[in-house]
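Only one structure is covered here, and it is reproduced in the block below.
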Amino acid sequence: MRVWNYCWFKNNCSYECKSSCNIYNEFKYLLANSGIPDGYQEPKKLYPEKIDLPAFRTLKAIKEDVEAFVNQGRFLYLHSANCGNGKTANVCKIALTYLALIANGNGFELDNGVYFAYMPELVLLTTDFQNEERKEVLEALMKRKLVIMDDIGSCDSGKFANTNLASIIDSRYRNKLATIFTSNLN
């Protein structure tokens, strides 16, 4: 089967679907380099409980104006003590929407894109000096226009990792780079 039969934009695009389509190829490249887990690379239908409706409305508003959120370098801390109520799925939907908006004409520029970091893995990576991937990940965390730090506070990160994390957050804030945190901690 041809790759372009699986285009994310097929129903909302005026261009003819073909394998050389820049929109599809740029989106695919940005997504492949975003760190978004495979299970979240396609939007999931979410059914919020009544208590979560205000948060879902806020997230929907952010998603609908994600370019402003990113361009203003805003921060969002999304928390709930409940596991499995859609925190990660919602922020990944926001990220996918942003990637879709910048996919045409981005020129395959990763710094304009998204980086998803699962905190327990990030903590291991930032404390392993022998890991070759460490520099690339830290660079993505410092430069990408939108970073998602998933499950922040879910593990004991130790003094060194906390220092790294504080530096990353501070740098992102000073450089007006948008950051979304999810956590089970308020």
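The values are calculated or read from the model by the stated rules, or taken from the named source; none is laboratory data. Please read these numbers as outputs of a predicted model, since none were measured by experiment. A quick note on method: Cβ atoms are made from the backbone with ideal geometry, for glycine too, and the neighbour counts reach across all protein chains shown. Protein only, heavy atoms only, side chains kept; ligands, DNA and RNA dropped before computing areas. Shrake-Rupley method; radii C 1.70, N 1.55, O 1.52, S 1.80 Å.
Here is how the numbers come out for the structure above:
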| item | result |
| --- | --- |
| Accessible area of the chain belonging to carbon and sulfur atoms, whole % at 1.4 Å probe | 49 |
| Scattering profile of the chain at q = 0.10, 0.17, 0.18 Å⁻¹ [log10 I(q)/I(0), Debye over alpha-carbon scatterers] | -0.42, -1.15, -1.26 |
| The chain - accessible surface per residue (Å², probe 1.4 Å) | 59 |
| Neighbourhood net charge (12 Å Cβ-Cβ; Lys/Arg +1, Asp/Glu -1) for A55 | +2 |
| Viscosity 1.306 mPa s, temperature 10 °C, Stokes-Einstein D of region 97-143 from Kirkwood C-alpha radius, µm²/s | 131 |
| Cβ-placed point charges (K, R +1; D, E -1), dipole of the chain about Cα centre in debye, nearest 20 | 520 |
| Y77 paired with S20, simple spin-label distance in nm, labels 7 Å along Cα-to-beta-carbon | 5.1 |
| Qualifying lysines (Cα of each under 16 Å from Cα of K44; at least 8 residues distant if same chain) | K60, K63, K87, K93 |
| Calculated log₁₀ intensity ratio I(q)/I(0) where the Debye formula runs over C-alpha points of region 1-85, q = 0.19, 0.22, 0.23 Å⁻¹ | -1.12, -1.26, -1.29 |
| Alpha carbon convex hull of region 21-71, volume per residue in cubic angstrom | 117 |
| Computed over the chain: relative contact order in percent, which uses C-alpha pairs under 8 Å that are six or more apart | 29 |
| For the chain, with +1 on Lys and Arg beta carbons and -1 on Asp and Glu, the positive-most of N186, F116, N164 along the dipole | N186 |
